[in-house]
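Visitor: Starting off with a structure, shown below.
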Amino acid sequence: MQTAVLPENQLGPAIDWLRRGEVVAFPTETVYGLGADGLDAVACAKIFEAKRRPSDNPLILHVLGLDDLERLILGPVPALVRALTEAFWPGPLTLVLPSTPEVPAIVRAGLNTVAIRAPAHPVAKALIEALNRPIAAPSANLSGRPSPTTAQAVLDDLNGRIAYIVDGGQTPVGVESTVVDCTTQPMTLLRPGGLSLEMIAKVVGEVQLSHPEGPDRSPGMKYRHYAPEAPVIWIQSTDRDFVKQTLDALKREYGTVALASPEPVSWQVNGGIESLGPDGTSAAHRLFCALRRLDRGGPGAIAVVWGSTEGIGRAVANRVEKAAVGRVLAP
Ligand code: AMP
Ligand code: MG
């Protein structure tokens with residue numbers, strides 16, 4: 001299959017393709033998504049196939065707003081859910097609610113809940129509006145790889161596997177949406193993301209960090225994720241002496257060490273260096289791109305210096321933790 005990259009002002013072929021039950025990659029404000037008609041099970045199966053996603057990892061349905069959500073869930077919209085959509089939609093917040101049977105089982109990975117979000121990106125909104133149906137869309141990477149924040153990153157993973165990528169430049173948020181299970185009391189944070197826990201708590205009060213029924217409630221979180229080719233090592237501190245000593249030890253162990261670090265980047269390494277900027281928001285925006293870029297140099301390891309779990313920093317820490325699969329060094 002030939003993969004064509006469409007400019008964002010030429011959505012016609014992408015819309016036709018979606019209407020024919022096929023998949024299209026497109027920008028959202030979080031990361032690029034790989035979308036298909038969310039009420040068409042056959043179309044949604046093509047998403048799993050193209051990105052080699054395990055079938056027990058459910059998809060998020062992308063909608064325009066509360067009216068669409070209402071049609072996809074069982075029962076009335078709870079008051080706190082309404083309040084969250086009023087405060088944060090469109091935006092990087094995904095809500096998990098009891099699903100109507102009309103949502104194909106493949107989208108829900110057989111669960112009786114469905115994950116729904118209203119994206120803010122004009123391209124995503126235009127595609128949902130044109131299709132006039134929810135669009136199911138996970139991140140447009142091969143499963144396990146860092147999520148794509150540029151059309152080039154989508155192409156690097158999916159060239160030849162999908163027909164169209166809409167190029168909307170680099171995505172502003174850079175990490176995926178925050179996923180909240182609204183079926184528990186209090187609500188449960190299933191995945192930290194582009195909207196901070198602090199912001200959500202301002203609207204709903206308490207949010208619990210682990211699910212009473214165990215970690216399997218968000219099936220996607222158990223997989224190896226966000227990982228480049230080179231092993232990632234998370235240096236969970238910005239203490240100058242600790243980082244310096246750790247990088248020296250990593251150079252002895254891995255040879256070439258590349259580095260992603262918040263500013264000021266005052267460490268020496270013998271591989272590439274990427275700045276994550278001054279705060280959590282900039283780090284979220286840059287992290288996946290930095291991992292992909294550093295990986296291209298073929299280093300022995302990629303060290304990521306990151307200490308904060310405040311605000312969007314929580315999502316950055318979560319992605320680095322998953323990419324590092326247990327290789328965490330702390331003072
Ligand atoms: P992705 O689309 O790759 O950003 O991943 C979607 C995330 O949403 C994964 O972590 C899923 O486990 C989670 N998710 C989607 N649907 C549900 C659901 N019904 N219940 C719990 N988590 C869900
Ligand atoms: Mg993903």
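Quick note: the coordinates plus some simple rules give every number you see, no bench work behind them. Model, not experiment: these values are computed from the prediction. Here the Cβ is made from the backbone with ideal geometry for all residues, glycine too, and neighbour counts use every protein chain on show.
Visitor: Got a sec to turn the phi values of the stretch 297-303 into Karplus ³J(HN,Hα) couplings, 6.51 cos²θ - 1.76 cosθ + 1.60 with θ = phi - 60°, whole Hz, x for Gly and Pro?
Guide: Working through the residues one at a time gives x, x, x, x, 7, 10, 8 Hz.
Visitor: With an 8 Å cut-off on Cα pairs and a minimum separation of 6 or more residues, tell me the relative contact order of the chain in percent.
Guide: Normalised by residue count, the contact order of the chain is 19 percent.
Visitor: Please list log₁₀ I(q)/I(0) at q = 0.09, 0.14 Å⁻¹ for the chain, using the Debye equation with identical point scatterers on the alpha-carbon positions.
Guide: For the requested q values the scattering log ratios are -0.45, -1.07.
Visitor: Relative contact order, percent, of the stretch 108-210 when contacts are C-alpha pairs under 8 Å separated by at least 6 residues?
Guide: Worked out over the stretch 108-210, it gives 15 percent.
Visitor: I'd like the per residue volume of the convex hull spanned by the Cα atoms of the stretch 165-324, given in cubic angstrom.
Guide: 136 Å³
Visitor: Okay, moving on. Summing +1 for each Lys or Arg and -1 for each Asp or Glu, what net charge is found among the other residues whose Cβ lies under 12 Å from the Cβ of V77? All intermediate terms of the calculation are to be shown ahead of the outcome.
Guide: Numbers: positive: R71, R82; negative: D67, D68, E70, E86.
With Lys, Arg at +1 and Asp, Glu at -1, the neighbours total -2.
Visitor: In what sequence, highest mean first, do 44-52, 248-256 appear when ranked by Cβ atoms within 10 angstrom?
Guide: Working: 44-52: 19.1, 248-256: 14.9.
Those peptides, ordered most packed to least, come out 44-52, 248-256.
Visitor: What is the antiparallel percent of DSSP beta bridges lying wholly in the chain, to the nearest 5?
Guide: Antiparallel bridges: around 40 percent, rounded to the nearest 5.
Visitor: While we're looking at this one, here's another question. Pairs of alpha-carbon atoms within less than 8 angstrom and 6+ residues apart define the contacts here; what relative contact order does the stretch 5-74 have, in percent?
Guide: Averaging sequence separation for qualifying contacts and normalising by length gives 18 percent for the stretch 5-74.
Visitor: Same structure again: Pick out, from G35, Q245, N9, the residue whose Cα sits farthest towards the positive end of the charge dipole of the chain, with +1 on the Cβ of Lys and Arg and -1 on the Cβ of Asp and Glu.
Guide: Q245
Visitor: At what distance in angstrom do the alpha carbon centres of the stretch 264-331 and the stretch 74-98 lie from each other?
Guide: Their Cα centres are 31 Å away from one another.
Visitor: Would you mind working out the magnitude of the charge dipole of the chain relative to its Cα centre, with +1 at each Lys and Arg C-beta and -1 at each Asp and Glu C-beta, to the nearest 20 Debye?
Guide: 620 debye
Visitor: I would also like to ask the following. Under 15 Å between alpha carbons, and skipping anything fewer than 8 positions from K202 in its own chain: which aspartates and glutamates qualify?
Guide: Once the sequence-local aspartates and glutamates are set aside, what remains near K202 is E86, E310.
Visitor: Compute, for the stretch 116-162, the length of the dipole vector about the Cα centre, with Cβ point charges of +1 (Lys, Arg) and -1 (Asp, Glu) only. Units Debye, rounded to 20.
Guide: That gives the stretch 116-162 a dipole magnitude of about 140 debye.
Visitor: In addition: What GluC sites (Glu not before Pro) in the stretch 55-148 are in a loop by DSSP, with at most 15 other Cβ atoms within 10 Å of the Cβ?
Guide: Listed in order of number, the matching sites are E102.
Visitor: How large is ³J(HN,Hα) for each residue in the stretch 203-210, as worked out from phi by the Karplus curve 6.51 cos²θ - 1.76 cosθ + 1.60 (θ = phi - 60°), to whole Hz, x for Gly and Pro?
Guide: Working through the residues one at a time gives 8, 10, x, 5, 10, 8, 8, 9 Hz.
Visitor: I need the Debye-formula profile for the stretch 36-130: one equal scatterer per C-alpha, no solvent, reported as log10 I(q)/I(0) at q = 0.10, 0.15, 0.25 1/Å, two decimals.
Guide: Results for the stretch 36-130 at q = 0.10, 0.15, 0.25 Å⁻¹ read -0.25, -0.57, -1.38.
Visitor: List S196, S282 from most exposed to least, where exposure is judged by having the fewest other Cβ atoms within 10 Å.
Guide: Numbers: S196 20, S282 17.
Placing the least packed residue first, the sequence is S282, S196.
Visitor: Of G144, V269, A109, whose Cα points farthest to the positive end of the dipole of the chain (charges on the beta-carbon: +1 Lys, Arg; -1 Asp, Glu; origin at the Cα centre)?
Guide: Looking along the dipole axis, the top candidate is V269.
Visitor: Connecting C-alpha atoms closer than 10 Å in a GNM of the chain, tell me which of P58, P27, P262 has the biggest fluctuation.
Guide: P262
Visitor: Quick one: which residues, 5 or more positions from D167 or on another chain, have an amide H under 5 Å from its amide H? H modelled 1.01 Å from N in the peptide plane, none for Pro or chain starts.
Guide: Distant-sequence amide H within range of D167: L6, E8.
Visitor: Just order 312-320, 239-247 by mean Cβ neighbour count inside 10 Å, highest at the front, would you? Working shown, then result.
Guide: Numbers: 312-320: 24.2, 239-247: 15.4.
Output ranking for 312-320, 239-247: 312-320, 239-247.
Visitor: Would you work out which of Y164, A201, V154 lies farthest towards the positive end of the dipole of the stretch 91-223? Charges go on Cβ: Lys and Arg +1, Asp and Glu -1.
Guide: Y164
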